[in-house]
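Single-structure report; data block below.
The values are calculated or read from the model by the stated rules, or taken from the named source; none is laboratory data. Just so you know, these numbers come straight off a predicted model, no measurement behind them. Virtual Cβ from ideal backbone geometry, glycine too; neighbours counted across all protein chains shown. All accessible areas refer to the heavy atoms of the entire protein, side chains included, with ligands and DNA or RNA removed. Shrake-Rupley method; radii C 1.70, N 1.55, O 1.52, S 1.80 Å.
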Amino acid sequence: MSAPRRRAPLARMGRALVALAPMAWLGVFFLIPFAVVLRVSLAEPAIARPPFTDIWEWADGVLTIILNFGNYLFLIEDPLYYTAYLNSIWMAASATLICLVIAYPMALAIARAAPRRRPMLLMLVVLPFWTSFLLRMYALIGLMAPTGFVNTVLGALGLEPIVMLQTDFAVYAGIVTGYMPLMVLPLYATLEKLDDSLLEAAHDLGAGPTRAFLTVTLPLSAPGIAAGCLLVFIPAVGEYVIPALLGGPDQLMIGKVLWTEFFNNRDWPVASAVAIAMLAFLALPIMFIRNALGVKE
Amino acid sequence: MKRRGWVVATGAALGFAMLYVPIVIMMIYSFNASKLASVWGGWSARWYGELMANDQVLEAAWISVKVGVMAATVGTVFGTMIAYALSRFGRFRGRLLLAGMATAPIVMPEVVTGLSLLLLFIIMETNFGWPAGRGVDTIVIAHATFCMAFVAVIVQARMADMDESVEEAAMDLGARQPWVFFDVTLPALAPALVSGWLLSFTLSFDDLVIASFVSGPGASTLPMVVFSKVRLGVSPEINALATLMIVAVAAILAATMLRGGVRLSARRAPPPDQL
């Protein structure tokens with residue numbers, strides 16, 4: 001580092017502006033909204049515009065604060081909500097695991113491919129990620145619908161059609177294919193750095209390919225596995241598009257419950273409480289992934 | 001060294017098949033003359049014609065392009081400012097807060113982001129009269145907020161690779177800020193800014209959930225229109241739309257890659273004798 005420079009007042013103002021402008025933006029459009037959600041989650045629904053009660057009242061010089069924890073109690077009492085939470089976590093976790101099992105050989109194959117070919121293979125992984133997520137989920141409908149491609153082929157072969165759409169299977173297929181690139185890329189990043197001489201050493205010491213993989217490659221790729229799994233798991237828990245398009249009408253996932261509570265039932269306080277509870281649950285994995293993404297300090 | 005190459009190769013082929021089979025089948029069906037998905041009515045470009053005559057889709061696409069360009073531009077400017085402050089200002093008050101706020105939107109569930117911003121807009125409207133109603137403006141604000149987070153990550157990574165001494169040399173030679181930034185730093189950051197802008201535009205163009213929350217009547221983005229059509233089942237017009245979008249993205253991605261603009265792997269090339 002060079003010695004601190006003496007800065008002209010104009011340059012100091014410039015620096016302050018560069019840091020303060022995005023801080024102000026994120027403060028207003030990111031931080032304050034969460035305070036608002038918290039506040040609405042403690043209100044009661046009302047027939048008004050906006051449809052919830054005030055939590056403070058200023059009358060005759062007395063400030064009255066009415067906090068309504070009923071929305072949170074409701075989340076605990078009504079089995080709909082905790083079933084939806086548990087179901088979301090369960091489905092997201094198992095889909096993440098399936099995704100890992102499928103993505104790992106892809107990442108390994110790319111890392112072992114000739115260096116000339118790697119950019120092309122990586123582009124094939126990234127390309128779906130850059131195309132519309134919504135349209136890729138829609139493509140799955142075309143594949144799995146009762147009169148879709150798979151059932152048309154089965155029919156042509158004289159076989160019975162299979163019900164795929166509006167089942168758990170369809171939701172798993174959606175999460176796995178939808179988030180696959182987010183799993184492959186961090187895996188590839190760690191596998192690509194893997195020192196080949198370690199595998200050769202394992203081989204020389206008598207380890208077979210399976211043993212070498214289990215004792216060398218797999219443990220050394222742990223950071224990539226952790227990053228990939230979190231990148232898939234976190235958005236999958238709160239997913240709305242996939243259960244709405246591919247899942248059945250009675251499929252409970254928390255993102256869909258929040259959406260329905262807000263748009264269909266117009267119960268904003270309960271929707272806010274659902275959001276706060278979702279964040280409380282996801283806080284830990286989110287902290288982990290932020291560290292993995294390399295947020296300094 | 002002998003490895004169980006075929007296990008890996010089979011697994012990888014399965015993975016790529018899962019990514020591409022649905023897309024390829026959809027692209028083929030977009031040329032199906034029949035309206036029914038189960039019947040192959042021969043090759044036809046009929047649905048592309050109907051798509052081009054569908055005013056609702058075209059209008060929504062235009063709104064999405066406008067929103068995407070504005071959100072990506074605001075996001076790139078602010079994201080670059082965040083990255084610059086975080087990687088060049090050393091310690092300053094509020095650094096931790098800025099770093100935290102800048103990465104959180106990336107990992108926030110979309111439904112939560114959408115709900116929180118809508119509640120904010122409504123409360124602001126009741127208390128200050130702004131924003132009056134919701135539409136393109138509010139979608140741009142919401143999208144720019146998560147775009148700047150992605151841009152900040154990309155630009156910060158690029159700045160970490162950059163040699164700071166070039167900027168210092170410029171200052172030693174008498175150049176002053178902000179000219180050092182515009183003459184030296186910015187050109188070196190250009191590839192990262194381009195990828196950040198493109199990623200931002202793509203994310204904005206693709207967003208359904210957040211836009212559905214913060215949009216108002218009269219401002220339906222393309223994903224919103226697509227979603228309302230797709231909920232009712234497979235539509236040949238949407239097959240055509242999806243095909244066009246995928247071909248466009250593939251062309252842009254291939255072009256930037258060939259020009260070396262987007263570097264997917266920044267690893268050193270192996271010595272020529274190993275190739």
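Mean residue ellipticity at 222 nm from the helices of chain B, using -39,500 (n - 2.57) per DSSP H segment of n ≥ 4 over the full residue count, to the nearest 500 deg cm²/dmol?
Helix contribution divided over all residues of chain B: -23500 deg cm²/dmol.
Threshold 10 Å², probe 1.4 Å: give the residues of segment A:182-209, in number order, that are less accessible with all protein chains present than with their chain alone.
A:188, A:192, A:193, A:196, A:199, A:200, A:203, A:209
Compare B:46, A:136, A:116 by solvent-accessible area with a 1.4 Å probe and give them largest first, with all protein chains kept in place.
A:116, B:46, A:136
Could you compute how much accessible surface residue A:131 exposes when probed at 1.4 Å, giving the result in Å² to the nearest 10?
About 10 Å², ignoring ligands and nucleic acids.
Which order do the peptides B:233-240, A:177-184 take when ranked by the mean count of other beta-carbon atoms within 10 Å per residue, highest first?
In descending order of packing, they fall as A:177-184, B:233-240.
Sorted by accessible area with a 1.4 angstrom probe, largest first, how do B:197, A:259, B:47 fall? Write out the running numbers ahead of the final one.
Values: B:197 75, A:259 30, B:47 5 Å².
The ordering from most to least exposed comes out as B:197, A:259, B:47.
Roughly speaking, to the nearest percent, how much of the protein assembly as shown's 1.4 Å accessible area is carbon and sulfur?
67
With a 1.4 Å probe and all protein chains kept in place, how do A:250, B:207 rank by accessible area, largest first? Mind dumping the intermediate values first?
On the way: A:250 130, B:207 10 Å².
The ordering from most to least exposed comes out as A:250, B:207.
Which whole-number value in Å² is the accessible area per residue of the protein assembly as shown, probe 1.4 Å?
48
Which net charge results for the neighbourhood of residue B:135, defined as the other residues with beta-carbon distances under 14 angstrom from its beta-carbon, given Lys and Arg at +1 and Asp and Glu at -1?
-1
With a 1.4 Å probe on protein heavy atoms only, work out how much accessible surface B and A bury together, total over both chains, in Å² to the nearest 100. Mind showing how you got there, number by number?
Details: alone 17380 and 18900 Å², together 27390 Å².
Accessible area lost upon association: around 8900 Å².
Which helices of chain A meet both criteria: a Cα extent of 27 Å or more along the helical axis and a mean Kyte-Doolittle score no lower than 0.5, with helices taken as whole DSSP H segments? Could you put the intermediate results ahead of the total?
On the way: long enough: A:79-112 (49 Å, 1.22); A:168-192 (34 Å, 1.12); A:268-292 (34 Å, 1.70).
Correct list, ordered by number: A:79-112, A:168-192, A:268-292.
Would you list the membrane-span-like helices of chain B, meaning whole DSSP H runs whose alpha-carbon atoms span at least 18 Å along their axis and whose mean Kyte-Doolittle value is at least 0.0?
B:5-29, B:55-88, B:95-107, B:110-128, B:136-161, B:186-206, B:236-258
Can you list the residues, at least 5 places off or on another chain, whose amide H is less than 5 Å from the amide H of residue A:52, using H built in the peptide plane?
A:46
Going toward the positive end of the dipole of the protein assembly as shown, with +1 on Lys and Arg Cβ and -1 on Asp and Glu Cβ, which of B:80, B:173, A:88 do you reach last?
In the protein assembly as shown, that residue is B:173.
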